[in-house]
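The values are calculated or read from the model by the stated rules, or taken from the named source; none is laboratory data. All of these numbers come straight from a predicted model, not from anything done at the bench. Here the Cβ is made from the backbone with ideal geometry for all residues, glycine too, and neighbour counts use every protein chain on show.
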Amino acid sequence: MAQSTGARLAVDGLTVAYGPVVAVRELELAAEPGEVLAVLGPSGCGKSTLLRAVAGLEPPLAGTIHLDDRSLEGLRPDQRDVGLMFQEHALFPHRTVADNVAFGPRMRGHDRATVRRLVADALALVDLSELADRGITELSGGERQRVALARAVAPRPRLLMLDEPLGSIDRALQQRLLDDLRSVFDRLGTTVLHVTHDQQEALAVADRVAVMRDARLEQLGTPDQLWRAPRTAFVADFLGLDHVADARIRAGRASTPWGELDLPDAPDGEHQVVLLPDALRVTDPDRPRRDTEVALEGRVTARRFAGDHVRVTVAVPDAPQLTVPVWAGRVPELDDELELALDPQAVRVLEPEPDATP
Amino acid sequence: MTSAARPRRRGTTLALLAVPLAFLAVFFVWPVATIVGTGLAPEGDLELGAIGRVLTDPSVRSVAWFTLWQATASTVLTLLIGIPGAYALSRLEFRGRALLQAGVTVPFVLPTVVVGSAFLALLGPRSPVNTALTVLLGDAAPTLDLRRTVTAILIAHVFFNYAVVVRTVGGLWSLIDPRVEEAARVLGASRWQAFREVSLPLLAPAIASSAAIVFLFTFTSFGVVLILGGPGRATLEVEIHRATTQLLDLPLASALAVLQLIAVVAALLVYGRLQRRAPTQSLVGSAATRRPPRGRGERLFLRGNLAVVAILLASPLLVLIERSLDTGDGYGLANWRALLTDERATILAVPAGEAVRNSLLFGASATLIALVVGGLAATAATSEAGRLARVVDRGLMVPLGTSAVTIGFGFLIALNRPPVDLRGSPLLVPIAQALIATPFVVRTLLPVLRSIDHRLREAAAVLGATPRRVWREVDLPIVGRAALVAAGFSFAIAVGEFGATVFVARANLPTMPVAIFRLLGRPGVANFGQAMAMSTLLMAVTATAILAIDRLRIGQVGRF
């Protein structure tokens, strides 16, 4: 399929409400042309509403949405030239695969030859050419997902939006489809807004990730930026970083339950800190503790086998327990006493949480 | 679903079936067979010439043509008005929606005579429409009088059958994922294109089956046409009635009935075929299918539909009440007082109070008969998973499609001589009413009986319950509520039944609908006022029964 030029999406001050419930509040978000932007958040955070508002399915209370220089204000869904892949797909059950995919090009008034070509291109893109004449009810979950994707991209929208595209598909298949999805995005070259509640999915497909919480944008950044510097405890928790604790910081020194840490650039005051995944390791004679690292003594309370590594839970006196991956060498037994090394350079200070109630 | 069928000896099933089968044989098959016999062989010898004579008779042909085209027009009109209503009630959330959904069902079960009277009051020269016109335009105002016009018949038919379309189509619409329609919109379809290309094909089974039902009902329309129609505005039903009671031409009536039976059976076959195509599994995802109206267009659309409901459904009934209070020179309770005293007994042949009593008595007896016959049949159909169950199931639905007039006429010519001589018996009325109510009893009980998990019965049996105890301890409590619904429904149908009752009711034992019809046939403001008062009373009785049923939330009244 030929590369289509993606449009720049700019969302400014967007507010959407369902009656008294504000689903999206004063949201600022922009996706660059051709960029894959993932919107990540728990269910009910407003991420699906954002897509629906951009598609013209929900009227905004306030704010503007632009595709390049064109304001979408007041435009009906059929006038917006965007593609939307719905959660649970919403395929037309009374039409064949090819007819589902042909719907968009047909509505845009293309002649029959063009429609046929666009359908063939879209089906080839998702590797479904053989199933063109099948009925929707005869398809498996993975096949339906691909039909929904083909249907959304067939009219070559300048912005493609996906709402939990892998949501209704079992875990094993998800991994494979995730790779397929990213390669489809790359071949299309269109701007993509990908909504998901699954952090692995977001980090795997996106150029940048927008984390949403309670109708607001919590953090926006590349997967690496999020992972290296989660802004709040919510983001840290959502990314699966569960070593968060209170710290009192004064003159570059933080007193935490895990001891005194040197954090030269940290501001003074009461803060929360998070340990990044590579902040902790088990020391052994081959790799002794470095001077910059802080030593922690603890006892093994649980071990969980995780394929290529073992996750060892260590209870440290007077501090939250820690979980450390052990990759090779000697895996400690239950109740073993061991020494951990904590690297202060992989400790981040978090911004205070906003009030929990929006 | 795991089969709820209880493995029972075939003997037991047949014993259960004995009563319903005998009832059907004597009171349905025998009368209909007699009609067909009389139609094909008026003098005892097979003489197809009689049918041929009837078919070539220009006046019969014009009646048949009128019957067909008014039914077609009524069906199309009901669909055009009902489908937007179905969308409003199944897709939009607003205050009072649930109440409205129950409310639109009321007209469907209202007695035809009441509906006829109501539209007579609404569309006549003294209607509020004309009052308003006079107020607005003074003496120059034209007087709108739609009585004895096709327009009146069509409007009344839409009034009756609105609920059939709204509930059947709306029922399916609420099973369709709204995102399917949204997907079409995002892909570039306008509202109309999305409806035509996506919603309409998905709704086709419900639209087709509700159209078949509306066609069937309007094709065999009797009470409404009898009251609102006039010369040249008669359906086959009305013609059968006229041939029997005025022309005393039984062969003609029989031939007309045969003609109508053929049409009805054809329509039923089409309906049965469409039913099989209806999707059974839900198409909904996790999304809610109802939401508040958005934007000016949708709010306007909702308001328009609410206005249709108010004007089409509520106004005739309100006018009915208003007319019942109109004494000719101002408002008062004179009509109501006259109903309860017997000063007009000579005109009614009996005091009005007695008509009320007759109706209640006949209605209660009919309900009892319908519950016994329908209950036994439903139990038998549940116990037997095979072909026999299907035959019983279908067989009991046939009287529903057969017109009331055919049943009444059949009673008249078949049950007045040996072997079954019930001539003049007051029992004929409740039996005819029960025959018409039984399909509804079966339709209500069968799904509930089938839904009882067979393992419940097995568990009770293993715990030591005898088969009789199992029925009492397991089936009865579960079915109890459904039986109550069936009883209320039967009662409403029996009390309002007109087509069959008018044939078999004895002159001195009229029911309320028959009394209303007689009152309407007499001149004078007082008679009209009394007819309105009695119609109001009858409406109140049936509406109460139906709204009580809706509270119990079993069964879908008016949904096919």
Could you please give the count of residues in segment A:7-31 that are surrounded by 20 or more Cβ atoms within 10 Å (Cβ to Cβ) and within 14 Å of another protein chain (Cβ to nearest Cβ)? 2
If I go through segment B:128-151 residue by residue, how many of them are surrounded by 15 or more Cβ atoms within 10 Å (Cβ to Cβ) and hydrophobic (A, V, I, L, M, F, W, C)? 4
Given (1) surrounded by fewer than 23 Cβ atoms within 10 Å (Cβ to Cβ); (2) within 27 Å of residue B:259 (Cβ to Cβ), number of the condition residue B:99 does not satisfy: (2)
Please list, ordered by first then second residue, the pairs with beta carbon atoms under 9 Å, 6 or more apart or interchain, first in segment A:177-198 and farther than 14 Å from residue A:159 by Cα, second surrounded by fewer than 19 Cβ atoms within 10 Å (Cβ to Cβ) and of a type in the set (D, E, K, R). A:180/A:127
Residue, surrounded by the most Cβ atoms within 10 Å (Cβ to Cβ), within segment B:152-182, restricted to residues that are farther than 17 Å from residue B:207 by Cα and within 12 Å of chain A (Cβ to nearest Cβ): B:179
Could you list all residues from segment A:62-107 that are within 22 Å of residue A:215 (Cα to Cα) and facing another protein chain (nearest Cβ under 10 Å)? A:84, A:85, A:86, A:87
Scan segment A:223-279 for residues that are small (Gly, Ala, Ser) and without any contact (Cβ under 8 Å) to a residue 12 or more places away in the chain and jot them down. A:255
Restricting the search to segment A:70-105, which residues are without any contact (Cβ under 8 Å) to a residue 40 or more places away in the chain and either polar (S, T, N, Q) or at positive phi (or both)? A:71, A:74, A:79
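Residues that are within 24 Å of residue B:313 (Cβ to Cβ): find the helices (runs of 4 or more DSSP H) completely inside segment B:147-230 holding 2 or more of those. Steps first, answer last, please.
On the way: elements: B:150-173, B:178-186, B:191-194, B:200-219, B:223-228.
Counting at least 2 such residues, we get B:150-173, B:200-219, B:223-228.
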Within segment B:188-206, does at least one residue satisfy the condition of being more than 11 Å from chain A (Cβ to nearest Cβ) and at pLDDT below 90? yes
In segment A:37-61, residue surrounded by the fewest Cβ atoms within 10 Å (Cβ to Cβ) [restricted to those that are outside any strand (DSSP E or B) and away from chain B (no Cβ under 14 Å)]: A:42
Where residues in segment A:134-155 are of a type in the set (Gly, Ala, Ser) and modelled with pLDDT under 90, which of them is surrounded by the fewest Cβ atoms within 10 Å (Cβ to Cβ)? A:140
Just to be sure before I move on: is residue B:194 touching a strand residue (DSSP E or B) at 6+ places or on another chain (Cβ under 6 Å), of a type in the set (Gly, Ala, Ser), more than 18 Å from residue B:274 (Cβ to Cβ) and crowded, with 23+ Cβ neighbours inside 10 Å in the structure I sent? no
Can you find even one residue in segment B:320-334 that is more than 20 Å from residue B:540 (Cα to Cα), modelled with pLDDT under 85 and among the basic types (Lys, Arg)? no
Restricting to segment A:58-106, what's the tally of residues that are of a type outside the set (Val, Ile, Thr) and more than 18 Å from residue A:151 (Cα to Cα)? 17
Please state which one of A:24, A:16, A:36 is in contact with a Gly (Cβ under 6 Å, 6 or more places away or on another chain) and not acidic (Asp, Glu). A:24
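So which residues in segment B:489-535 are part of a loop (DSSP other than H, G, I, E, B) and either of a type in the set (D, E, K, R) or within 23 Å of residue B:425 (Cα to Cα) (or both)? Give the derivation first.
From segment B:489-535, those part of a loop (DSSP other than H, G, I, E, B) are B:497-500, B:505-511, B:521-524; that's our starting set.
Passing the criteria: B:497, B:498, B:499, B:500, B:505, B:506, B:507, B:508, B:509, B:510, B:511, B:522.
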Is it the case that some residue within segment B:232-242 is away from chain A (no Cβ under 14 Å), modelled with pLDDT under 85, surrounded by fewer than 23 Cβ atoms within 10 Å (Cβ to Cβ) and part of a loop (DSSP other than H, G, I, E, B)? yes
The lone exception for residue B:185 - which of (1) among the basic types (Lys, Arg); (2) free of Cβ contacts under 8 Å to residues at least 12 places away in the same chain; (3) more than 12 Å from chain A (Cβ to nearest Cβ) it fails: (3)
With respect to residue A:34, determine if the residue is surrounded by fewer than 17 Cβ atoms within 10 Å (Cβ to Cβ) and part of a loop (DSSP other than H, G, I, E, B). no
